[in-house]
Amino acid sequence: NTGEALIDSIYRNYQFLSDTAHQIIAPIGPAFKRIIAGFPSINLWGSDDTHPSLYGSSLIANILYTTVFKSSPISSSYNPGIATSEDSLLKNTAYQTTIDSLNYTGLIEITPVINQIGNTLSVSGFQNCSWFYNENPYVSNNCMANMNQSGNYYAVVTDSNGCAFRTVENTFLFTGINENSLISKLDINVYPNPAHDIININAPKSTEIQIINVAGQIIRTIYCISNETSLLIRDIPDGIYIIKAKNATGNAIMKFIKE
């Protein structure tokens, strides 16, 4: 009834309440388990091994922030008094866990999804949408927005009853690729994501892989000589990157996070 063993029990109870009362819960337990598994040197518990430590409390606050405001706490300069690298890790983990848990927490019910094809963002199922880029209003064609640069985008949509809903604010990357070129049969898989030291890429042989930063610069190019390629990324700065893959079949693009 202490430490990690307590997490699953509490989370199951909250999921039961969510299923019964149809309320939204914050995925604190899953975020704790991610830190415990990936970064065991960070102690999330206080001296009683039950209540959270400063690190645990910070992680909880960042999860609540993401759940309520649907944006990443990494933009906040607030630090409770821990190392900058650990503060960034907790913020990124809180954001990513919340986004990954939308279906389990009930947040998906009030969170429209932004779709990206090439450099076009869209929200389906609504007639009225207002777009924002880096927190500022962004000119758009109602529920469709054409990107001309990388950055943080979100939309506020209105349903037929006049109720407004906000999408998750996310970093979308301007690829410079025509959206028609993305219609292909090329299938790739990148894991783990987020990654720290190494990423594994499942792609057909002879596929060219490019890693591109948010400024659109190609920082690494490799050619797959087998169906699975491991790539060392320890030396590249933390942040969001895109992987562009192409071969005779077509093109594919996906995003990964280096932390």
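The values are calculated or read from the model by the stated rules, or taken from the named source; none is laboratory data. These numbers were taken from a predicted model, which means no experiment stands behind them. Cβ atoms come from the backbone with ideal geometry, glycine included; neighbour counts cover every protein chain shown. What goes into the accessible areas is simple: the full protein's heavy atoms, side chains included, and nothing from ligands, DNA or RNA. Shrake-Rupley method; radii C 1.70, N 1.55, O 1.52, S 1.80 Å.
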Item to complete: Note down the nm distance, to one decimal, between modelled labels 7 Å out along Cα→Cβ at residue 202 and at residue 19.
Response: 3.0 nm
Worksheet item: Could you give the Stokes-Einstein D for region 1-144 in µm² per second, using the C-alpha Kirkwood radius, 10 °C, 1.306 mPa s?
Response: 94 µm²/s
Worksheet item: Where Lys and Arg each count +1 and Asp and Glu each count -1, what net charge lies around residue 66 among other residues with Cβ under 14 Å from its Cβ?
Response: +2
Practice prompt. Please arrange 133, 241, 65 by accessible surface area, largest first, computed with a 1.4 Å probe and ligands excluded.
Written response: 65, 133, 241
Worksheet item: Could you sort 196, 51, 22 by accessible area so the largest value comes first, with the probe set to 1.4 Å?
Response: 22, 51, 196
Fill in: Solvent accessible area, Å² - residue 163, 1.4 Å probe, full protein context
60 Å²
Discussion item. From Cα pairs below 8 angstrom and at least 6 apart in sequence, can you work out the relative contact order of the chain, rounded to a whole percent?
Written reply: 12 percent
Discussion item. Just to be sure I follow the rule: in the chain, considering lysines 8 or more places apart or on different chains, how many pairs have Cα atoms under 26 Å apart?
Written reply: 21
Worksheet item: Given a 1.4 Å probe and every protein chain left where it sits, what share in percent of the accessible area of the chain is carbon and sulfur?
Response: 52 percent
Response to the item:
The extension gain from residue 85 to residue 50, computed as 0.36 nm times the residue separation minus the Cα-Cα distance, is 10.1 nm
Worksheet, complete the sentence: By the Cα gyration tensor axes a ≥ b ≥ c (a/c under 1.5 gives rounded; else a/b larger than b/c gives prolate, otherwise oblate), the shape of region 1-82 is oblate
Practice prompt. Find the accessible area per residue for the chain; the probe is 1.4 Å, ligands and nucleic acids are left out, and the unit is Å².
Written response: 54 Å²
Worksheet, complete the sentence: In terms of the alpha carbon gyration tensor, root eigenvalues a ≥ b ≥ c, rounded if a/c is under 1.5 and otherwise prolate when a/b exceeds b/c or oblate, region 67-204 is oblate
Discussion item. If I model a spin label at residue 127 and residue 163 as a point 7 Å from the Cα along the Cα→Cβ vector, what separation in nanometres do I get?
Written reply: 1.8 nm
Fill in: Among (1) 15.8; (2) 14.5; (3) 13.1, the entry that matches mean projected area of the Cα convex hull in nm² as calculated here
(1)
Worksheet item: Fully extended, how many nm does the chain gain between residue 120 and residue 171 (0.36 nm per residue separation, minus their Cα-Cα distance)?
Response: 17.0 nm
Worksheet item: Going by a ≥ b ≥ c, the root eigenvalues of the Cα gyration tensor, does region 195-259 fall in the rounded group (a/c under 1.5), the prolate group (a/b larger than b/c) or the oblate group?
Response: oblate
Fill in: Accessible surface of residue 191 - all protein chains present, 1.4 Å probe, nearest 10 Å²
80 Å²
Discussion item. Taking R0 as 41 Å, what FRET efficiency do you get between residue 139 and residue 43 from their Cβ-Cβ distance, rounded to the nearest 0.05?
Written reply: 0.30
Worksheet item: How much accessible surface area, in Å² rounded to 10, belongs to the heavy atoms of residue 59 with a 1.4 Å probe?
Response: 0 Å²
Worksheet, complete the sentence: Expected vector for region 89-102, Karplus 3J(HN,Hα) from phi with 6.51, -1.76, 1.60 and θ = phi - 60°, integer Hz, x for Gly and Pro, equals 4, 5, 5, 5, 5, 4, 5, 5, 5, 4, 5, 5, 9, 3
Practice prompt. Could you rank 64, 6 by how accessible they are, 1.4 Å probe, largest area first?
Written response: 64, 6
